[in-house]
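Beneath this line is the structure, given in structure tokens, with notes to follow.
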Amino acid sequence: MGRVIFLSALLLLSACTGVSPKVDTYVLSDTLIMKPDENAQKGMRVVVKALHFPEYLSRPHIVVRQGENQLQLSEFQRWGESLSSGFLRVFNANLGHYGLLAYKQGRLRKEPVDYQLQLEVAQFEVNTQNQAWLKLRWVLLNAKGKILLVQNEQLFVSVLAADFKAKVLAQSQLIAQLAQRIAEKIVEHNKSRSA
């Protein structure tokens, strides 16, 4: 009997000292795909009025799409910040490359805004074709809240390696593409308004 208790205690002790797998943590980064237009209007203020993500992306695990209705939550690959915070941080930085001062609504700012943006993300993950995929609807409004443009976008970037570092880099590049498209529309609208 004493031998059974000793072996059970030894087994329990060895289970407690086991090494758990390492958790890798990632953040989105500011990656500029194309050089901005040197003639872009500088100093326009853009406030991101709303940014919405689906619930399945509101978790620390990095999500990989396995099929139309199947997702894989990566237990040991996680975001270092909320995905919505990282997305907004990188998006605003990328808009800055085009001369636009972008910030989230709610920050204490006394300057008037030129444009408002609403972003509603439907999907933002890597799919089974090894592509980072961003599907969203964005709305551009003037300073008074009048809708100027509603756009549905689906953007893809190839993931160049099988590791999560490459997947996160591709997702960062998607945000840069989105910022470029929106910046071009804002500059285009501003020029037509000035003409």
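Brief remarks follow.
- Residue 69 modelled with pLDDT of 90 or more and within 18 Å of residue 124 (Cβ to Cβ): no
- Selection within region 39-58: residues that are at pLDDT below 90, part of a loop (DSSP other than H, G, I, E, B) and on the phi < 0 side of the Ramachandran plot. The member of this set that is farthest from the chain's Cα centre (by Cα) is 39.
- Members of region 150-165 found to be surrounded by 14 or more Cβ atoms within 10 Å (Cβ to Cβ) and under 20 Å from residue 84 (Cβ atoms), listed by number: 153, 155, 157, 164
- The single residue among 168, 121 that is touching a Phe, Trp or Tyr at 6+ places or on another chain (Cβ under 7 Å) and within 20 Å of residue 25 (Cα to Cα) turns out to be 168.
- The sole residue among 182, 186, 147 that is surrounded by fewer than 18 Cβ atoms within 10 Å (Cβ to Cβ), of a type in the set (Val, Ile, Thr) and closer than 19 Å to residue 45 by Cα is 147.
- Inter-residue pairs, beta-carbon under 9 Å, first in contact (Cβ under 8 Å) with a residue 24 or more places away in the chain and within 11 Å of residue 179 (Cβ to Cβ) and in region 88-108, second crowded, with 18+ Cβ neighbours inside 10 Å and acidic (Asp, Glu), 6+ apart: 100/114
- Close Cβ contacts (under 7 Å, 6 or more residues apart or on different chains) running from residues in region 146-168 that are over 30 Å from residue 116 (Cα atoms) to residues that are in a strand (DSSP E or B) and of a type in the set (Phe, Trp, Tyr) comprise 164/26.
- One residue stands out in region 169-179 among those that are within 19 Å of residue 118 (Cβ to Cβ) and buried (at least 22 other Cβ atoms within 10 Å of the Cβ): the one that is nearest to the chain's Cα centre (by Cα), namely 175.
- Residues of region 89-112 satisfying the condition of being crowded, with 20+ Cβ neighbours inside 10 Å and aliphatic (A, V, I, L, M): 90, 95, 100, 102
The values are calculated or read from the model by the stated rules, or taken from the named source; none is laboratory data. Note that the structure is predicted; figures quoted are calculated from it, not measured. Counting neighbours? That spans all protein chains shown, and the Cβs are built from the backbone with ideal geometry, glycine included.
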